[in-house]
Amino acid sequence: QVQLVESGGGLVQPGGSLRLSCAASGSIFSIYTMGWYRQAPGKQRELVAIIASGGSTNYADSVKGRFTVSRDNAKNTVYLQMNSLKPEDTAVYYCNVPILGSDYWGQGTQVTVSS
């Protein structure tokens, strides 16, 4: 059973920063691509960033240059450093890992960007 637990969300002013963490269970975490998604009220869930097992990354155009995804395989944890936050970044952020055709999700962490 794969379990993902996100943390690090909160309320931040525009221009501020937050660092999200996603802790994964299982000793085979290191071989999988991990992803961060977000869902704003009334909108579909969208991909924010992904990081492959080897460390290569990809980002949504809306966050390029502001967000950085990283992973620590020894700690079974993936991170999302979010800088220069904007009100439009407000959403619930989810961690995801696809394994053998099944998608596993965390419970999500709320990020609110507001003055």
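In table form, for the structure just shown:
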| read-out | value |
| --- | --- |
| Unit charges on C-beta of K, R, D, E only; dipole of the chain, Debye | 140 |
| The chain, accessible surface, carbon-and-sulfur percent (1.4 angstrom probe) | 48 |
| Label-point gap, in nm, between Leu47 and Thr68 - each point 7 angstrom along Cα→Cβ | 2.2 |
| Per residue accessible area in Å² of the chain, where ligands, DNA and RNA are left out and the probe is 1.4 Å | 53 |
| Solvent accessible area, Å² - Tyr37, 1.4 Å probe, full protein context | 60 |
| Trp105-Asn83 FRET efficiency (beta carbon distance; Förster radius 25 Å; 0.05 resolution) | 0.50 |
| Computed accessible area, Thr57, all protein chains, 1.4 angstrom probe, square angstrom | 60 |
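The values are calculated or read from the model by the stated rules, or taken from the named source; none is laboratory data. Source: prediction; values computed, not measured. Here the Cβ is made from the backbone with ideal geometry for all residues, glycine too, and neighbour counts use every protein chain on show. Accessible surface is based on the protein model in full, side chains and every heavy atom, while ligands, DNA and RNA are left aside. Shrake-Rupley method; radii C 1.70, N 1.55, O 1.52, S 1.80 Å.
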